Amino acid sequence: MRTIGVDLAASPKTTALSTVLWRGGVAYVDPPHLRCTDDQLLALFSGLEPGDRVGVDCPFGWPVAFMEAVRAHAGGAPWPGRELPSEEHRRTLWFRETDRWVRRETGRNPLSVSFDRLGAVTARWAYLADALAEAGIVIDRAGAGAFIEVYPAATRRRWGLGAVRSLPDLEAAAPWLRMGEEASAVYAVHEHAFDALIASLAARSAALGLTTPPPAELGDQARVEGWIHLPEPDALGRLAAPSPRADL
């Protein structure tokens with residue numbers, strides 16, 4: 001099995017990618033790719049093998065309530081919050097259901113994709129997802145396919161790795177990781193590369209069924225807004241177990 005982690009940003013300058021090959025209870029980590037362009041990402045995504053999983057650190061969609069409000073404004077319809085104080089109503093537009101769920105689980109509030117610069121990252125992802133759809137690769141925003149929305153900062157907290165990105169801490173908790181000196185030197189100092197590695201490990205968690213999918217009652221909404229696949233607290237220690245495909 002191969003897992004790919006992407007720390008997506010609005011521009012290639014701060015976009016990083018990490019690939020991990022899982023075989024025989026060992027995770028072989030490639031040197032990260034930095035400054036990833038749209039063409040590079042699309043070429044990689046278009047060449048996925050059966051069983052590959054991709055964890056992307058980026059909201060896959062916007063809050064439904066936010067989209068409905070923008071649609072009403074664009075069409076000249078009544079503003080959905082006209083009966084509420086302005087600030088009170090805007091608070092209902094800030095976060096997706098998955099963002100609220102992550103906060104309840106980890107105490108960490110994701111950035112708002114509707115009222116923050118993070119929206120520019122999601123716009124880039126929308127472009128990439130559309131290009132893949134045109135090529136016949138349709139992405140399920142709830143994570144039912146090869147692509148999963150992940151959140152490295154919450155994943156690190158879930159695994160007890162702390163708020164500070166630390167490669168020695170990760171290697172101590174995951175002694176089955178293998179990487180060369182060149183790769184290790186970059187992951188140790190480059191925050192985007194490190195987050196891409198965590199995203200790749202979260203993708204492995206999803207492949208093994210060690211993340212929490214959206215509850216049934218939120219399934220339809222998750223397929224519009226996206227859903228953060230947060231690994232189970234003990235998932236890191238279980239990632240090197242043979243996969244259902246025996247890591248062929």
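The values are calculated or read from the model by the stated rules, or taken from the named source; none is laboratory data. Because the structure is predicted, anything quoted here is derived from the model rather than measured. Here the Cβ positions follow ideal geometry from the backbone for every residue, glycine too, while neighbour counts run over all protein chains shown. Please note that ligands, DNA and RNA were not included when accessible areas were found on the heavy atoms of the full protein model with its side chains. Shrake-Rupley method; radii C 1.70, N 1.55, O 1.52, S 1.80 Å.
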Response to the item:
Across region 209-234, the tally of residues that are more than 16 Å from the chain's Cα centre (by Cα) and either in a helix (DSSP H, G or I) or within 30 Å of P175 (Cβ to Cβ) (or both) stands at 8
Item to complete: Could you tell me whether region 32-44 includes any residue that is among the β-branched types (V, I, T) and touching a strand residue (DSSP E or B) at 6+ places or on another chain (Cβ under 7 Å)?
Response: no
Worksheet item: Hey, any hits in region 198-206 for a residue that's open to solvent by 10 Å² or more (accessible area, probe 1.4 Å) and more than 23 Å from G47 (Cβ to Cβ)?
Response: no
Discussion item. Show me the helices (runs of 4 or more DSSP H) found entirely inside region 72-167 where at least 3 residues are surrounded by fewer than 20 Cβ atoms within 10 Å (Cβ to Cβ).
Written reply: 86-91, 97-106, 118-134
Item to complete: Mind listing whichever residues of region 187-197 are buried (at least 21 other Cβ atoms within 10 Å of the Cβ) and of a type in the set (A, V, I, L, M, F, W, C)?
Response: A193, F194, A196, L197
Item to complete: Determine the pairs where a residue that is surrounded by 14 or more Cβ atoms within 10 Å (Cβ to Cβ), located within region 35-59, has a partner that is of a type outside the set (D, E, K, R) and assigned to a strand (DSSP E or B) with Cβ atoms under 6 Å apart, the partner being 6 or more residues away or on another chain.
Response: C36/L17; R53/T3; V54/I4; V54/F147; G55/G5; G55/I148; V56/V6
Worksheet item: Can you tell me which residues in region 60-71 are open to solvent by 40 Å² or more (accessible area, probe 1.4 Å) and within 18 Å of the chain's Cα centre (by Cα)?
Response: W62
Item to complete: Please specify each residue of region 1-49 satisfying the condition of being part of a helix (DSSP H, G or I) and at pLDDT below 95.
Response: S46
Worksheet item: Which ones in region 134-167 are in contact (Cβ under 8 Å) with a residue 40 or more places away in the chain and at positive phi?
Response: G143, G160
Fill in: Count - residues of region 168-186 that are touching a residue at least 60 places away in the same chain (Cβ under 8 Å) and either open to solvent by less than 10 Å² (accessible area, probe 1.4 Å) or assigned to a helix (DSSP H, G or I) (or both)
5
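Determine which member of the set V29, V70 is aliphatic (A, V, I, L, M) and in contact (Cβ under 8 Å) with a residue 24 or more places away in the chain.
Among V29, V70, only V29 is aliphatic (A, V, I, L, M) and in contact (Cβ under 8 Å) with a residue 24 or more places away in the chain.
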Discussion item. Name the residue that is surrounded by the most Cβ atoms within 10 Å (Cβ to Cβ), counting only residues in region 219-248 that are among the hydrophobic types (A, V, I, L, M, F, W, C) and at pLDDT below 95.
Written reply: A240
Worksheet item: Being under 26 Å from A9 (Cα atoms) and touching a Pro at 6+ places or on another chain (Cβ under 7 Å), is that true of even one residue in region 105-112?
Response: no
